[in-house]
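**Student:** The structure follows.
The values are calculated or read from the model by the stated rules, or taken from the named source; none is laboratory data. None of the values given here were measured: they were computed from a predicted structure. As a convention, Cβ positions derive from the backbone with ideal geometry for all residues, glycine included, and neighbour counts pool all protein chains shown. Quick note on the areas: whole protein, heavy atoms, side chains included, nothing else; ligands and nucleic acids left out. Shrake-Rupley method; radii C 1.70, N 1.55, O 1.52, S 1.80 Å.
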Amino acid sequence: MTRREVRANAMKLLFAYSMRDDDMDALYHIAQDDADAEILVDDAVKELADGTLAHLDELDAEICRLSPKRNISRIPKLCLAILRLALYEILYDDGTPVNAAVSEAVLLAEQYTSADEDIRFINGLLGAFTREQKQNSAEDGSAS
């Protein structure tokens, strides 16, 4: 699987996780046992999905902070899955460049959401986050 396919499958699992009462292991088994499943699961997909879930509270806190006017419960679950995944990659996956994580999140939104508003929301929130990160890095660099 390409990294893009890994990311898309992890996003689908995170979305399913937010919609069901099953734990992630159950979702992995469901996807693996269903020959017609639209979700492919391998170690890379599990690593990305599990990593995102391991930091869920932190990721949601960032989403809430960056979107003070929109309560997290009002953000569509698909958008949340995409945002959580992208923020996880930005914050915790050293192998993913920040710009790639943002671009891929926007591509996922374009592919899986039907509302331009959702795409703009994802792009805007992640753009604000990355600008903050760059500003903080510049300030830390000048303070040294």
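**Student:** Taking Leu27 as the residue in question, decide whether it is buried (at least 17 other Cβ atoms within 10 Å of the Cβ), at pLDDT below 95 and in a helix (DSSP H, G or I). Don't jump to the end; show me each part of the working.
**Tutor:** Numbers: buried (at least 17 other Cβ atoms within 10 Å of the Cβ): yes; at pLDDT below 95: yes; in a helix (DSSP H, G or I): yes.
The answer is yes for Leu27.
**Student:** Next question. Which one is farthest from the chain's Cα centre (by Cα) among residues in the stretch 51-106 that are over 16 Å from Ala10 (Cα atoms) and of a type in the set (Asp, Glu)?
**Tutor:** Of everything passing the filter in the stretch 51-106, Asp94 is farthest from the chain's Cα centre (by Cα).
**Student:** Out of all the residues in the stretch 46-69, which are open to solvent by 50 Å² or more (accessible area, probe 1.4 Å) and either closer than 16 Å to Ala26 by Cα or in contact (Cβ under 8 Å) with a residue 60 or more places away in the chain (or both)? Explain how you work it out, then say what you get.
**Tutor:** Step one: list which residues in the stretch 46-69 are open to solvent by 50 Å² or more (accessible area, probe 1.4 Å), which gives 46-47, 50, 54, 57-58, 61, 64-65, 68-69.
Hits for the stretch 46-69 are Lys46, Glu47, Asp50.
**Student:** Filtering the stretch 87-130 down to residues that are among the charged types (D, E, K, R), in contact (Cβ under 8 Å) with a residue 12 or more places away in the chain and part of a helix (DSSP H, G or I), which residue is nearest to Gly51 (Cα to Cα)? Outline the logic, then answer.
**Tutor:** Step one: list which residues in the stretch 87-130 are among the charged types (D, E, K, R), which gives 89, 93-94, 104, 110, 116-118, 120.
Okay, now just the ones that are also in contact (Cβ under 8 Å) with a residue 12 or more places away in the chain, so 89, 93, 104, 118.
Next, only the ones that are part of a helix (DSSP H, G or I) stay: 89, 104, 118.
Working: Glu89: 9, Glu104: 17, Asp118: 24 Å.
Ranking the qualifying residues of the stretch 87-130, first place goes to Glu89.
**Student:** Answer yes or no: is there a residue in the stretch 95-108 that is in contact with a Cys (Cβ under 6 Å, 6 or more places away or on another chain) and either surrounded by 14 or more Cβ atoms within 10 Å (Cβ to Cβ) or at pLDDT below 95 (or both). Show your work before the answer.
**Tutor:** Narrowing the stretch 95-108 to residues in contact with a Cys (Cβ under 6 Å, 6 or more places away or on another chain): none.
Checking the stretch 95-108: not a single residue is in contact with a Cys (Cβ under 6 Å, 6 or more places away or on another chain) and either surrounded by 14 or more Cβ atoms within 10 Å (Cβ to Cβ) or at pLDDT below 95 (or both).
**Student:** Can you name the number of the only condition in (1) part of a loop (DSSP other than H, G, I, E, B); (2) free of Cβ contacts under 8 Å to residues at least 12 places away in the same chain that Ile39 fails?
**Tutor:** Only one criterion is unmet by Ile39, namely (2).
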